[in-house]
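The values are calculated or read from the model by the stated rules, or taken from the named source; none is laboratory data. Just so you know, these numbers come straight off a predicted model, no measurement behind them. All Cβ positions, even for glycine, are placed from backbone atoms using ideal geometry, and neighbour counts span all protein chains on display.
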Amino acid sequence: MPKARVNGVNLFYEETGQGAPLVFVHEFAGDYASWHLQVRFLSRRYRTIAFNARGYPPSDVPEDPAAYSQEQAAEDIRGLLDALGIERAHICGLSMGGYATLHFGLRHPGRALSLVVAGAGYGSVATEREKFRRDVEETARRFEQDGMVAVAEFYTKGPTRVQFMDKDPVGWREFYDQFIAQSAKGHALTMRGVQMTRPSVYELEAAMEKLTVPTLVVTGDEDEPCLEPALFMKRKIRSSGLVVMPKAGHTVNLEDPDAFNRIVLDFLTAVDAGRWPLRNPASISASAILPPEPARQGAPSR
């Protein structure tokens, strides 16, 4: 069982394939195995590395609440690259992992070949922040008092998970079984340390405007909490592209794995070929017809 010593904890990881490194960062309700359909497909061209975050056995579950934070989640990606001797890698994350991927790119842009930020943004709307924190605290308390199975009865059937249940009951049951096998203590600590205290996507505006790492933002069109944040990321990150997957909820990599895999492969192929440019400034104008004001002022008269 391979583990890497990262920032004082042991992180379990699984490595498959050869080529440029591609690191998968899982969501709150998943673990390294949540990426098995992507690993099968993308390890044919890439050295894929999927790992369990701290709090997710067989990775360590530190008992100190201070060991869990959004900053630490991003630094664990960097630490894993260091432990494996990897200078730069493609990083692909979903939800909690999408947040960590974005923060990693903002903190360590020189270490990222590209970023896939999928299903990120829940809890970002300013007017809903307090309700979000209350929901997080309530769920963390339920993990501690009632355990994984009791929480799974509502968490895996939420408004952005029912799409998965409807499309693929067998796949959803696999997702459910993986969830209930995880650590209630690790989930409670993660919820309070990461989800409850992480900054809103909208608070990252200034940093995102400076980001030039090739970035793909992915969201399901029925993942309501993440739709507007996805648009915001597209508008602020000059090097980003946006994919909205139709009739899809939060668990997009498992709901529609064929489409997700092809989208990611096409993105990685473009990046590897040097064909993922920054956005052309001429595409941003207050008019749907006329070019931006500076271009208009500099245009020759006729």
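Remark: pairs (first residue in the stretch 141-152, closer than 12 Å to A29 by Cα; second residue part of a loop (DSSP other than H, G, I, E, B); Cβ separation under 8 Å; 6+ apart in sequence or on different chains) = M148/A181; M148/Q182; M148/S183. So which residues in the stretch 96-122 are buried (at least 19 other Cβ atoms within 10 Å of the Cβ) and out of contact with any helix residue (DSSP H, G or I) (no Cβ under 7 Å at 6 or more places or on another chain)? Listed by number, the residues that qualify are G97, G98, T101, L102, G105. What about F104, is it in a helix (DSSP H, G or I) and either under 15 Å from V6 (Cβ atoms) or not polar (S, T, N, Q) (or both)? Yes: the conditions hold for F104. The residue of the stretch 201-230 that is nearest to N280 (Cα to Cα), among those that are of a type in the set (S, T, Y) and under 14 Å from the mean Cα position of the chain (by Cα), is T215.
The residues listed here are G249, G274; of these, the one that is of a type in the set (G, A, S), in contact with a helix residue (DSSP H, G or I) (Cβ under 8 Å, 6 or more places away or on another chain) and part of a loop (DSSP other than H, G, I, E, B) is G249.
If the requirement is being loosely packed, with under 15 Cβ neighbours inside 10 Å and either among the small types (G, A, S) or modelled with pLDDT of 95 or more (or both), which of these qualifies: A206, A152?
Of A206, A152, the one residue that is loosely packed, with under 15 Cβ neighbours inside 10 Å and either among the small types (G, A, S) or modelled with pLDDT of 95 or more (or both) is A206.
When V125 is tested against (1) exposed (fewer than 12 other Cβ atoms within 10 Å of the Cβ); (2) over 22 Å from Q182 (Cβ atoms), just one condition goes unmet, and that condition is (1). Criterion applied to L94, L102, L115 was being under 21 Å from N253 (Cα atoms) and in contact with a Cys (Cβ under 9 Å, 6 or more places away or on another chain), and the one residue passing it is L115. Inside the stretch 278-289, residues that are touching a residue at least 12 places away in the same chain (Cβ under 8 Å) and either surrounded by fewer than 10 Cβ atoms within 10 Å (Cβ to Cβ) or assigned to a loop (DSSP other than H, G, I, E, B) (or both) make up a count of 2. Just so you know, in the stretch 9-36 the residues that are without any contact (Cβ under 8 Å) to a residue 40 or more places away in the chain and not in a strand (DSSP E or B) include one that is nearest to the chain's Cα centre (by Cα), and it is Y32.
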